[in-house]
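J.: This is the structure I have questions about; it appears just below.
Read-outs throughout are calculated quantities, based only on the coordinates presented, and are distinct from any laboratory measurement. Please read all numbers here as calculations on a predicted model, not as lab measurements. Glycine also receives a Cβ, built like all others from the backbone with ideal geometry; neighbour counts cover every protein chain displayed.
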Amino acid sequence: MQITIRKIFIALSAVLIIGIAGGLIYRHVTKEPVPEYIFTYAENQSENFPTSLGAYYFAELVNERTDGRIRILVYTNGELGREADIIRQMKYGGVDFARLSLSQLAEVDPKLNILQMPYLYNDADHMWRVLDGKIGDMFLENMESYDMVGLSWYDAGARSFYVTGGSVSSPEDFEGLRIRVQQSELMEDMVECLGGVPVPISYEEVYSALELGTIDGAENNWPSYEDVGHYKVADTYIVDEHTRVPEMQLCSANTWNMLSEEDREIIKQCAVESAIYERVLWQEREKSSRERCIEWGVTVVEITPEEKDRFREAMAPVYEKYCKDNKELLEEIIRMGG
Ligand code: GCU
């Protein structure tokens with residue numbers, strides 16, 4: 001009996017020693033560094049969504065270029081909270097990094113609304129000329145006034161309306177329809193301009209609201225419509241492409257202030273490179289999501305150019321309300337359409 005206990009003791013000690021030695025050798029051989037900083041990154045889309053893949057790429061680049069000193073842990077699926085809560089947390093450094101929709105950020109910096117006015121851009125290239133130039137840079141820099149550092153612009157394509165059953169092809173068809181919008185005053189006003197009833201709720205609540213019928217429709221880009229399964233509960237997608245709402249990658253100023261100048265440069269550069277990567281993924285996903293939805297039986301309503309003009313005209317009150325103090329900037333953006 002005593003011999004057996006001794007044997008077990010010896011065996012356990014050997015396992016322990018081999019474990020510790022193995023760990024030390026592994027450390028030594030792989031030179032796995034101990035991170036100096038471990039940061040959090042909030043993302044509300046699923047793991048394979050283009051913006052999430054961009055975030056993973058960003059984290060990987062930063063890890064590589066700081067020789068493992070900075071590790072960024074990406075939390076997807078809104079695990080760290082809803083967009084409005086993430087903004088609040090970033091202001092106090094509770095969340096270090098995030099990718100956020102401009103609609104949500106414009107609630108903090110209302111001047112940002114000018115970049116997401118309905119029917120503003122002729123196409124994606126027009127928007128990128130604005131964002132990749134001095135206007136885009138100015139808005140990124142401006143985030144510092146709100147305790148955040150704007151790092152780069154991510155693509156989120158064009159947003160269109162979708163409804164459960166029925167057909168909608170002209171502004172009049174929106175009369176009385178309850179349409180979910182982001183928690184954004186501009187988006188509420190936009191739906192009101194069409195005679196609809198805006199229902200501002202968070203992204204995470206839209207599926208069940210459509211399923212329960214507490215709303216008649218919503219609006220989003222093809223990849224989101226597909227990825228979170230809205231096509232299952234709102235099967236008519238109206239390609240009116242009323243807005244292009246870009247997204248921003250940000251760092252909390254609290255976090256930024258503890259970093260060296262050199263690390264800030266690395267992070268900024270990695271953010272820009274991850275944005276280029278995300279934009280390529282976005283284009284592919286926009287196409288494949290649309291194709292998949294059609295294959296699954298979604299009814300696609302194309303809007304005629306004449307009807308599109310009528311949608312645009314219906315938006316005059318929002319231009320008056322949101323751009324009256326920035327007329328020159330608005331004109332400059334419109335001019336950049338070519
Ligand atoms: C897009 C965007 C999300 C946002 C969502 C929304 O899908 O990528 O970040 O939350 O729109 O409609 O709320």
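J.: Pairwise over distinct Cα atoms, reciprocal of the mean inverse distance: report the Kirkwood radius of the range 240-280 in Å, one decimal place.
T.: Details: mean 1/r = 0.0822 Å⁻¹.
Hydrodynamic radius (Kirkwood, Cα pairs) of the range 240-280 is 12.2 Å.
J.: Here's a follow-up. Take the cross-link list Lys111/Lys327; Lys134/Lys268; Lys134/Lys287; Lys134/Lys327; Lys91/Lys324 and give me the ones stretching past 19 Å between alpha-carbons. Please report the intermediate quantities before stating the final value.
T.: Working: Lys111/Lys327 12 Å; Lys134/Lys268 16 Å; Lys134/Lys287 30 Å; Lys134/Lys327 17 Å; Lys91/Lys324 29 Å.
Check vs 19 Å cut-off fails for Lys134/Lys287; Lys91/Lys324.
J.: So if I take the centroid of the Cα atoms in the range 67-122 and the same for the range 150-183, what is the distance between those two points in Å?
T.: Distance between centres, Cα-based: 20 Å.
J.: When Rg is the radius of gyration of the Cα atoms in the range 219-262 and Rh is its Kirkwood radius, what does Rg/Rh come to?
T.: Details: Rg = 17.9 Å, Rh = 13.8 Å.
Here the Rg-to-Rh quotient is 1.30.
J.: For the chain, calculate the relative contact order in percent as a whole number, restricting contacts to Cα pairs under 8 Å that are 6 or more residues apart. Intermediate values should be presented prior to the final figure.
T.: Values: 549 pairs, mean separation 76.8, N = 338.
Normalised by residue count, the contact order of the chain is 23 percent.
J.: What per residue convex hull volume, in Å³, comes out for the range 156-302 when only alpha-carbon positions are used? If you can, show how the numbers build up before the last one.
T.: Values: hull volume 16.8 nm³, N = 147.
Once divided by residue count, the hull of the range 156-302 is 115 Å³.
J.: How large is the Rg to Rh ratio of the range 88-211 when both quantities use alpha carbon positions and Rh follows Kirkwood?
T.: Numbers: Rg = 16.2 Å, Rh = 16.3 Å.
Reported Rg/Rh, Kirkwood definition of Rh: 1.00.
J.: Taking the Cβ of each residue in Phe174, Phe161 as the centre, tally the other Cβ atoms inside 10 Å and list the residues starting with the fewest.
T.: On the way: Phe174 23, Phe161 27.
Going from sparsest to densest Cβ surroundings: Phe174, Phe161.
J.: Still on this structure: Which order, highest average first, do 298-304, 232-238 follow once you tally other Cβ atoms within 10 Å for each residue and take the mean per peptide? Each step should come with its number before you reach the end.
T.: Numbers: 298-304: 15.1, 232-238: 20.3.
Result, highest mean first: 232-238, 298-304.
J.: If I histogram all Cα-Cα distances within the chain using bins 10 Å wide from 0, what percent of pairs lands in each bin?
T.: All Cα pairs considered, the percentages come to 5, 23, 30, 20, 9, 5, 4, 2, 1, 0.
J.: Relative to the compact globular guide of 2.2 N^0.38 Å, what is the alpha carbon radius of gyration of the range 146-190, as a ratio? Provide the component values of the computation, followed by the final result.
T.: Values: Rg = 15.3 Å, N = 45, 2.2 N^0.38 = 9.3 Å.
In units of the 2.2 N^0.38 Å rule of thumb, it is 1.64.
J.: Quick check on the exposure proxy: order Met138, Met90 from fewest to most C-beta atoms within 10 angstrom. Intermediate values should be presented prior to the final figure.
T.: Details: Met138 12, Met90 27.
By the 10 Å Cβ count, ascending, the order reads Met138, Met90.
J.: With 10 angstrom as the radius, rank Trp296, Trp256, Trp222 by how many other C-beta atoms surround their C-beta, starting from the fewest.
T.: Details: Trp296 11, Trp256 21, Trp222 25.
Ranked by crowding around the Cβ, least crowded first: Trp296, Trp256, Trp222.
J.: log10 I(q)/I(0), Debye, Cα-only the range 117-175, no solvent, q = 0.16, 0.20, 0.29 Å⁻¹?
T.: -0.70, -0.84, -1.25
J.: Okay, next question. In Å, what is the Rg of the alpha-carbon atoms in the range 197-274, and how long is Dmax?
T.: 18.5, 52
J.: Looking at the range 29-107, what % of the alpha carbon pairs are farther apart than 18 Å?
T.: 44 percent
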